[in-house]
Amino acid sequence: MIRAFRSEVLKFRRWSVLAGSGVMIAATAFIAYLTFHQITSGATGPELAPLIQAFPTPQGLISVVGQARSLIIVIALIMVTSNIAAEWSQGTLRNLLVREPGRLRLLAGKMLALVLFVTISLALTLAISAALILAAAHAQGISTAAWTSSEGIRTFLSFFGNEVLCLVGISLLGMLIAVLTRSLGAAVGVALAYVLVPEGVIAMVWQDGSKWFPVRVLNFLPGSVFPPAVGPTPPQGYTTALLMALLWMVGFVIVSAVVFRRQDINA
Amino acid sequence: MTPSPDASQTEQATSFSPNGTLAIETRGLSKHFGKRKAVDGLTISIPVGVIAGFVGPNGAGKTTTIRLLLGLLRPGAGSATILGQPLTRPRSYLPRVGALIEVPAFYPSLSGRTNLEVLAHLGGHSHSRVSQVLEQVELSDRASDPVRTYSQGMKQRLGVAIALLPDPDLLILDEPANGLDPLGIIQMRDLLRHLREQGKTIFLSTHLLGELEQVTDWLVMLNQGKALFSGPARDLLDQQGVGASLEERFLAMLKGNHE
């Protein structure tokens, strides 16, 4: 598995992989700054009210930086799904499996590297966005004492930890979609369609049931760190949401492993 | 008691091998895709240390057979041993096998060297081995360039380098001369002969029958998933009479099979 991990790390030099990370950083920083600008410029509105309320508190920084959370989830999902599915589309999977016939070892090593890459991308994204907002606040003479207090830092780290957990789950969902579709175009299409249709549209009309959908459950984890009005806080409670998220993750791993191990490789 | 055709084929192959062992042996190997029989009860034996030509018309089942031998496809029926190890345990033989399957596949934005390093890390091969195989296929001077800038012939040579990476005992090559210019084909022929001299077995699928005739010791002829012939190349050519080319013999056998 370590050999598969090291092999995968070499592939991160590709511009397409680095571009995913770049888009995550740039989009999050932009949305965070836009939110900061709206709050500090005196804009009002029902959507901004909870953010304005949270702004001077220790949760103020993550409330601003975390506005791009849904986008981070979508980018991470596409990064992982496209990376794995491309091995089928490019035909490179057959090279990999001839050199590492242990399919589960290959998949595990690959996923370990991808999750590490997504985590590093997230850490950079949050660090750059937070630094940008802190710098902007200092430039405008806005106090950041609450954000940099011990409680503020603890909140930020808690947000980071839960966001990492969320992205691990999202990465495993991406793996499952790639293993089932075995094609770059189909995998990205299915991943986007899944986030938009069942998790987006159906959730709007069936809120009670949709709270158990995987992407929503995973999103509840970092959401629980925000003030309830900013959310999304888990309606089923944090512990239940965490257990459900872990169950989804185990399910993704089991189905992916069973399918990939028995799959014919025609790529 | 008269030996079965399978047993006599195995016997012939073992006697042909310098050390009396087989590189590949399949018995009734089958693979169906839906109702289509891609490989249908295939029984062949390939001795160790030979260049074995694997020929057949398009759709005969050559690539499917190669994928079965490499553990990429699961057989529907039958069995096989590769380098003495059962097909069901690819981990026991694939570290000693190198393969080029159909059109070689790469990460186009990575350099030729990095493409090889990805597989070297995976297979546990040394950094120096990457340089050696690049040298062997004469790609050292372009090794740092992205593969997307390579010509078809260079990609083909990089594909051969990937196959050579584990210093394999068995080399499975599917159309290795695709896209090569005449000089490249001559170099490929020399490389194959050199590898055979080192005692390696080469299982070579190609449509270039004239080229194959110059290097092959053993032949497997496939049609509609079944072996029409599996044995010494000389035996097949002699069946047609002295001076018959492989191409003539191939066409005659196919015609006979269809009739």
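Derivation of every value follows stated rules applied to the coordinates shown; laboratory data play no part. Not measured: the values here are computed from a predicted model. Cβ placement follows ideal geometry from the backbone for every residue including glycine, while neighbour counts extend to all protein chains displayed.
Looking at the protein assembly as shown, send over the antiparallel percent of its DSSP beta bridges, to the nearest 5.
Of those bridges, close to 55 percent are antiparallel.
Give the dimensionless ratio obtained when the Cα radius of gyration of the range A:195-240 is divided by 2.2 N^0.38 Å.
On the way: Rg = 10.3 Å, N = 46, 2.2 N^0.38 = 9.4 Å.
Ratio of Cα Rg to 2.2 N^0.38 Å: 1.09.
Taking Cα centroids, how far is the range B:7-81 from the range B:157-177 in Å?
18 Å
Where Lys and Arg each count +1 and Asp and Glu each count -1, what net charge lies around B:Tyr150 among other residues with Cβ under 10 Å from its Cβ? Intermediate results must be reported in sequence, preceding the final value.
Numbers: positive: B:Arg142, B:Arg148, B:Lys155, B:Arg157; negative: B:Asp145.
Here the charged neighbours net out to +3.
Defining a contact as two alpha carbons under 8 Å apart and six or more residues distant in sequence, what relative contact order in percent does chain B show?
On the way: 489 pairs, mean separation 62.4, N = 259.
For chain B, the relative contact order is 24 percent.
With a sphere of radius 11 Å drawn around the Cβ of B:Arg129, what net charge do the other residues whose Cβ falls strictly inside it have (Lys, Arg +1; Asp, Glu -1)? Don't jump to the answer; show the numbers that get you there.
Numbers: positive: none; negative: B:Glu117, B:Glu135, B:Asp167.
My count for the surroundings of B:Arg129 gives -3.
Enter the Cα centre distance for the pair the range A:175-217 and the range A:56-92, rounded to the nearest angstrom.
That distance is 14 Å.
Above 23 angstrom, tally the Cα pairs of the range A:110-226 and express them as a % of all pairs, no decimals. Intermediate values should be presented prior to the final figure.
Working: 3074 of 6786 pairs.
Taking all Cα-Cα pairs of the range A:110-226, the fraction more than 23 Å apart is 45 percent.
Most fluctuating residue of A:Asn162, A:Asn95, A:Asn219 in a GNM of chain A with Cα springs under 10 Å: which is it?
Largest GNM mean-square fluctuation: A:Asn95.
What is the set of long-range amide H partners of B:Ala23 at a cut-off below 5 Å, with H atoms built 1.01 Å from backbone N?
Amide H neighbours of B:Ala23: B:Ile46, B:Val48.
For all pairs of alpha-carbon atoms in the range B:26-124, what percent lies in each bin of width 5 Å, listed from the first bin to the last filled one?
Cα pair-distance distribution for the range B:26-124, in percent: 2, 11, 19, 21, 18, 13, 10, 5, 1.
Given A:Lys110/B:Lys37; B:Lys155/B:Lys200; A:Lys11/B:Lys37; A:Lys110/B:Lys226; A:Lys11/B:Lys35, which pairs have Cα atoms separated by over 32 Å?
Numbers: A:Lys110/B:Lys37 34 Å; B:Lys155/B:Lys200 23 Å; A:Lys11/B:Lys37 37 Å; A:Lys110/B:Lys226 38 Å; A:Lys11/B:Lys35 39 Å.
The pairs that break the limit, which is 32 Å between Cα atoms, are A:Lys110/B:Lys37; A:Lys11/B:Lys37; A:Lys110/B:Lys226; A:Lys11/B:Lys35.
Go ahead and estimate [θ] at 222 nm for chain B from helices alone: -39,500 (n - 2.57) per DSSP H run with n ≥ 4, summed, over the residue count, rounded to 500.
Numbers: 10 runs with 102 residues, N = 259.
Only helices count here, giving -11500 deg cm²/dmol.
Taking the Cα centre of the range A:128-267 as origin, sum charge times position over the Cβ atoms of Lys and Arg (+1) and Asp and Glu (-1), and report the length of that vector in debye to the nearest 20.
Details: 6 positive and 5 negative charges, 54 e Å.
Computed charge dipole of the range A:128-267: roughly 260 debye.
How big is the convex hull of the Cα atoms of chain A, per residue, in Å³? Please list the in-between numbers first.
Values: hull volume 34.2 nm³, N = 267.
Enclosed volume per residue, from the Cα hull, is 128 Å³.
Contact order normalised by length for chain A, with contacts defined as Cα pairs under 8 Å and 6 or more residues apart; what percent is it?
Details: 326 pairs, mean separation 70.2, N = 267.
Relative contact order here is 26 percent.
With an 8 Å Cα cut-off and a minimum separation of 6 or more residues, compute the relative contact order for the range A:171-267 in percent. It would help to have the intermediate numbers written out before the result.
Numbers: 74 pairs, mean separation 28.6, N = 97.
The value is 30 percent.
Work out the charge dipole of the protein assembly as shown with +1 on the Cβ of Lys and Arg and -1 on the Cβ of Asp and Glu about the Cα centre, then indicate which of A:Phe55, A:Val98, A:Gly237 is farthest towards its positive end.
A:Gly237
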